[in-house]
Ligand code: ADP
Ligand code: ZN
């Protein structure tokens with residue numbers, strides 16, 4: 001009997017066997033999607049293997065094959081299997097990460113459209129483009145709006161009609177008149193399925209690389225060209241021109257007939273970076289943006305799968321893009337923690353990028369101005385080659401960083417200690433020079449907490465052990481961990497006293513304070529409350545167009561933006577990032593400070609950075625102020641080694657939660673027992689810590705416990721994890737347990 005092993009998208013760590021009916025035998029190939037009965041439902045799974053043999057018991061038969069050509073190529077499938085094994089993740093859920101989203105929605109549907117050829121109802125969108133005709137005919141008779149439109153078209157070339165309409169309300173009528181006189185042509189084009197298609201992407205030409213860029217490009221291109229592959233850590237200071245290196249590396253891969261994947265932390269925050277890729281490679285780049293509709297995503301996916309497009313750029317999930325003959329994976333801002341997925345399959349896209357490239361003999365480039373300790377360790381242990389861009393590309397000096405010791409320095413004219421005299425004066429000077437300021441404050445909302453002056457307790461979320469944040473605009477308190485929101489009552493929930501006081505400073509309040517301190521200034525805010533997705537790009541666009549004098553924001557303002565007129569960066573409170581209970585707090589704080597400082601002085605005027613802190617001697621703060629990345633890495637690696645923390649050890653976190661505290665605690669204790677009685681723990685190769693309550697003890701109404709495992713060798717750790725995984729199946733059914741290999745988020 002012909003059997004097929006199928007990955008079914010359910011949270012169970014095994015494959016399911018099905019009988020293959022005679023009439024389907026020819027179509028059931030590895031990587032193909034099939035419809036299979038599962039319990040009372042029918043689901044879409046992916047074939048992992050076929051074999052002749054006796055069924056392991058009663059098996060059901062496959063109902064249908066969806067693809068004429070396998071949806072997932074074998075190399076991608078093999079990578080997914082490795083990933084599932086590494087993270088102890090269910091193969092069905094891992095495979096699903098690589099399928100286009102329309103499938104995920106249709107995962108339980110039987111009539112999922114084919115991914116190849118004419119897709120049922122998934123046609124490409126067509127849009128109208130307006131192009132100037134080549135003849136420079138006399139346009140003297142054209143007046144008003146039509147004349148302006150014609151001039152714009154002649155300057156920038158063919159443009160979507162929709163874009164003209166954004167600028168000129170009556171564009172449609174004017175274009176019609178222009179078309180009648182033969183001055184423009186209106187044509188229907190297939191809309192490239194990504195939202196950037198409307199951006200006029202003037203082709204840019206590669207610029208002459210600096211000597212450091214040239215050396216990096218040569219090393220990377222060489223490894224792609226001769227098929228050696230390998231991992232490179234591109235350590236380039238902020239503004240050193242890492243992007244040009246990526247662009248040249250992609251060109252080298254294309255010249256060798258190989259495709260590329262570029263991972264960026266968050267695509268909405270990097271419209272400029274994306275624009276540069278499109279300017280260089282035009283429509284040969286698939287931009288996997290979260291603003292795409294499922295249909296557009298499917299279209300992108302198909303183009304990559306067919307090889308029509310050979311470069312994919314996107315956030316962490318672009319790791320799974322079905323790029324043909326992959327030769328290069330770039331991870332920009334590799335230190336960014338958004339590359340770690342914190343739900344479902346908890347994978348780290350940076351680590352898996354190395355694996356994916358390695359499997360195909362390709363090159364992985366990890367780029368950062370502040371390398372993660374993990375990548376630095378790879379380089380020091382010879383598993384990655386370090387390439388350096390020590391200077392800014394246009395030879396601008398690094399910005400001067402001043403530390404303001406909040407213990408000694410008083411408030412400026414506002415009387416608010418968090419707007420110190422030096423920061424206040426610097427903002428004034430920057431405004432006067434008509435330059436721009438970025439102020440970074442890592443708390444959104446108006447007041448991060450609300451305290452009762454009578455009993456002293458904080459207002460907390462009903463379902464989480466988390467303080468509620470007051471949002472003035474919404475006139476409500478919110479929990480930043482669940483969706484809880486309520487009007488701020490007059491009385492304390494604990495003692496009923498009418499004595500609630502707002503505490504602390506959030507971006508919303510900072511914006512208000514600035515508005516009254518600098519009445520003429522145009523102020524904008526960038527955080528999750530004001531902007532998501534495309535609206536982030538709109539805020540950044542206003543800053544770029546110099547319609548904003550002061551940009552206030554959370555870590556969203558620290559990411560790679562290249563804003564040449566920003567000459568002042570203020571860090572309102574450098575200590576906040578240091579106080580998080582996490583062994584990486586110091587590393588994070590350092591990265592944030594260096595990154596945000598790197599936004600200053602990227603144009604012709606030198607930049608200036610003011611960092612407010614209560615602890616100017618803290619190594620992360622002091623070394624960031626000197627831009628001394630190497631010294632920080634050196635010191636932090638030594639600390640990690642001494643304490644036995646990653647990357648000098650291997651770690652895994654087992655998270656256990658339940659609605660009832662006692663059940664969660666008991667289940668966690670049970671897993672600790674399994675771990676401590678294992679061979680690895682008894683021999684001392686694996687260190688077991690727990691059961692312990694998580695720092696956020698309760699979240700979304702569930703109590704959280706955990707156990708932490710650490711080992712110097714991965715195989716020892718894996719053996720213990722395997723026994724824990726086996727034991728999770730025997731736990732109280734009210735309890736959820738999840739294994740997190742190489743954990744990042746420890747809260
Ligand atoms: P990074 O990502 O390393 O912070 P970018 O790639 O954003 O730096 O480059 C910083 C600036 O330097 C950009 O404005 C870019 O156009 C410019 N640049 C990069 N390479 C060169 C070069 N070889 N010559 C001139 N300008 C360059
Ligand atoms: Zn909550």
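FYI, it's all coordinate maths here, none of it is from the lab. None of the values given here were measured: they were computed from a predicted structure. Cβ coordinates were reconstructed from backbone atoms using ideal geometry, including for glycine residues, and neighbour counts include every protein chain displayed.
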Inset, instruction - Just report the Cα centroid separation between region 74-88 and region 552-628, whole Å. - result: 37
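Once fully extended, how much extra length lies between residue 306 and residue 546, figured as 0.36 nm per residue of separation less the alpha-carbon to alpha-carbon distance?
Working it through step by step, the gained length comes to 82.2 nm.
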Inset, instruction - Enter the Cα centre distance for the pair region 724-741 and region 313-370, rounded to the nearest angstrom. - result: 28
Inset, instruction - Rank by packing, highest mean first: peptides 618-624, 292-298, 176-182, with packing defined as the count of other Cβ atoms within 10 Å averaged across residues. - result: 618-624, 292-298, 176-182
Inset, instruction - Rounded, prolate or oblate: pick one for region 214-327, where a ≥ b ≥ c are the square roots of the eigenvalues of its C-alpha gyration tensor, a/c under 1.5 means rounded, and failing that, prolate if a/b is larger than b/c, else oblate. - result: oblate
Legend entry - Gained length - residue 630 relative to residue 643, 0.36 nm times residue gap less alpha-carbon distance: 2.7 nm
Legend entry - Residues in region 61-99 reached by a label modelled at residue 12 [backbone nitrogen below 20 Å; 7 Å Cα→Cβ]: 61-64, 81, 84-85, 88-97
Legend entry - Point-to-point label distance, residue 380-residue 712, nm (Cα→Cβ direction, 7 Å offset): 1.6
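Computed FRET efficiency, Cβ-Cβ of residue 317 and residue 2, R0 51 Å: what is it to the nearest 0.05?
0.90
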Inset, instruction - Could you bin all the Cα-Cα distances of the chain into 10 Å bins starting at 0 and give me the percent of pairs in each, rounded to whole numbers? - result: 3, 12, 20, 24, 22, 13, 5, 1, 0, 0
Legend entry - Computed lengthening from residue 161 to residue 215, 0.36 nm per intervening residue step minus Cα-Cα distance: 15.1 nm
Legend entry - Along each principal axis, Cα extent of region 546-613, largest first, Å: 39, 19, 17
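Grab the eigenvalues of the alpha-carbon gyration tensor for region 609-659, scale each by 5, take roots, and send me the semi-axes largest first in whole angstrom.
Values: eigenvalues 177, 65, 15 Å².
Value: 30, 18, 9 Å, ordered largest first.
Given R₀ = 60 Å, what would the calculated FRET efficiency be for residue 516 paired with residue 147, taking r from the Cβ atoms and rounding to 0.05?
Efficiency computed from Cβ-Cβ geometry: 0.85.
Per the Kirkwood treatment, what hydrodynamic radius in Å, one decimal, follows for region 622-708 from the mean inverse distance over all distinct Cα pairs? If you can, show how the numbers build up before the last one.
Details: mean 1/r = 0.0661 Å⁻¹.
15.1 Å is the Kirkwood radius here.
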Legend entry - Modelled FRET efficiency - R0 45 Å, residue 64 with residue 580, Cβ distances, 0.05 increments: 0.35
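Based on other C-beta atoms within 10 Å, arrange 364, 464 from fewest to most.
With the fewest neighbours first, 364, 464 line up as 464, 364.
Return the percentage of antiparallel bridges among DSSP beta bridges fully within the chain, rounded to the nearest 5 %. Don't skip to the end; give the middle numbers.
Values: 64 of 117 bridges.
Restricted to the chain, the bridges split so that about 55 percent are antiparallel.
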Legend entry - Kirkwood estimate for region 437-592, i.e. one over the average of 1/r between Cα atoms, Å: 16.9
Inset, instruction - Could you check the simple spin-label distance between residue 176 and residue 189, using points 7 Å along Cα→Cβ, in nm with one decimal? - result: 2.4
Legend entry - Separation of the residue 291 and residue 400 label points, Cα + 7 Å toward Cβ, nm: 3.9
